[in-house]
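The numbers here are math on the coordinates, done by the rules we state, and not lab data. Computed from a predicted structure; not experimentally measured. Cβ coordinates were reconstructed from backbone atoms using ideal geometry, including for glycine residues, and neighbour counts include every protein chain displayed.
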Amino acid sequence: MVESIHRPTKLIIHNQAIVENVANEVKRLPQGRELFAVVKANGYGHGAVATAQAAKAGGATGFCVATIDEGIELREAGFTEPILILGVVPVVYLPIVAEYQLAFPVNSLAWLTQAQNYLAKTTLSAPLLAHLKVDTGMGRIGFQTKAEVLEALALIEGLPALVFDGIFTHFATADEAEDGYYQEQHDRFKEILESLPQKPRYVHVSNSATALWHEEELGNMVRFGVAMYGLNPSGHALKESYPLQPALEFVSQLVQVKQVPAGAKIGYGATYTSPESEWIGTVPVGYADGWLRKMSGFSVLVEGVHCEIIGRVCMDQFMIRLPHALPEGTKVTLVGKNGDQEITLQEVADHLDTIHYEVACLLSERIPREYQG
Ligand SMILES: Cc1ncc(COP(=O)(O)O)c(C=O)c1O
């Protein structure tokens, strides 16, 4: 999808907010614990390279991504810090992972056997940085038992191409007030960690929610994701431990303004009928930008006033009811502050009955990202 720069619609990313969110967390970390900025999924929709730069300015010493290609994007942008891929890497791509010095999870004995076979007939340009992933209760990827972890370590020892660089787990409920399940996962990981004959360079368990709300004793690195973008990982459930600053603003402009008579129909399906004469504005944003059809009935801000989205959201445009006539070119705020009002990503998520993570990730590549500060 081509970035549409010749259209009055853009995401404004406030770099300073990211710098400060990261710096505030780095200040709170116990001595010797590093922060890796999670910039997967195009920096949660905010743009990977620019947010990685801002996170680095705030004190991040490494990065996490989901895929090999996301790691390559950072390397090609010039980052020399450690980069950890969080998703499973098919063994056929090990030469690329070695070439770009991307660390990756080792998640099962089956994966190790495949790697063993593959490496027997392949020469690599550099050592492979393996992080053993322990599934303590997320049920996604990783070893489930201590016995499996120890067997994996023994296999890794027999593979000179692999360096045991890290061990980690991921909490399923760190963003909830009830911490019983969190404690169970913590205890399982601690037991496995204590059984290791030697510790790797990185031990890591914390995501944003863990960093914000748990006095986690384990680990020398945190994987700091959504909070670096200024978003509360728990949605409404828990209060931020310190003020997070949202980094993203989504703005557009009115491209047409018209007065319609009572009884006018608006949009596909003619689902909206004006009850009286109204001023209608057209905004050049649609579901192809990630502003979903379900956003109908929500509002955007124009001159500090909430204006309802009426009719169906189209692929590239939607219509709003204006309080009065306004000039074409008037600013429209979909997310962010306008006058003394604000629309947050959390409010968009509430309207869509989802989480802000999903809303941010859906903002499509078509929308230009402008970095300020
Ligand atoms: C393994 C892992 N670690 C860390 C994170 C970052 O989580 P958060 O954005 O909640 O900080 C994620 C995000 O999905 C993840 O999958």
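Within the stretch 159-187, being under 28 Å from residue 129 (Cβ atoms) and either assigned to a loop (DSSP other than H, G, I, E, B) or away from the ligand (no atom under 16 Å from the Cβ) (or both) holds for 159, 160, 161, 162, 163, 164, 169, 170, 171, 172, 174, 187. Do the conditions hold for residue 166, that is, is it surrounded by 16 or more Cβ atoms within 10 Å (Cβ to Cβ), under 28 Å from residue 79 (Cβ atoms) and under 24 Å from the mean Cα position of the chain (by Cα)? Yes, satisfied. In the stretch 2-13, the residues that are part of a loop (DSSP other than H, G, I, E, B) form Cβ pairs under 6 Å with partners that are of a type in the set (Lys, Arg), at six or more places apart or across chains, as follows: 4/366. The number of residues in the stretch 123-158 that are acidic (Asp, Glu) and within 13 Å of the ligand (Cβ to nearest atom) comes to 1.
Looking only at the stretch 288-314, which residues are assigned to a strand (DSSP E or B) and either surrounded by fewer than 18 Cβ atoms within 10 Å (Cβ to Cβ) or aromatic (Phe, Trp, Tyr) (or both)? Within the stretch 288-314, 305, 306, 308 qualify. Among the residues of the stretch 246-280, those that are under 29 Å from residue 361 (Cβ atoms) and among the polar types (S, T, N, Q) comprise 252, 253, 271. Given the options 248, 212, 254, name the one that is over 26 Å from residue 41 (Cα atoms), hydrophobic (A, V, I, L, M, F, W, C) and surrounded by 15 or more Cβ atoms within 10 Å (Cβ to Cβ). Within the list 248, 212, 254, the selection yields 254. Restricted to the stretch 20-58, and to residues there that are away from the ligand (no atom under 16 Å from the Cβ), small (Gly, Ala, Ser) and assigned to a helix (DSSP H, G or I), the residue that is farthest from residue 78 (Cα to Cα) is 23. Residue check: is residue 241 out of contact with any strand residue (DSSP E or B) (no Cβ under 9 Å at 6 or more places or on another chain) and either assigned to a helix (DSSP H, G or I) or more than 9 Å from the ligand (Cβ to nearest atom) (or both)? When the stated conditions are applied, residue 241 passes them.
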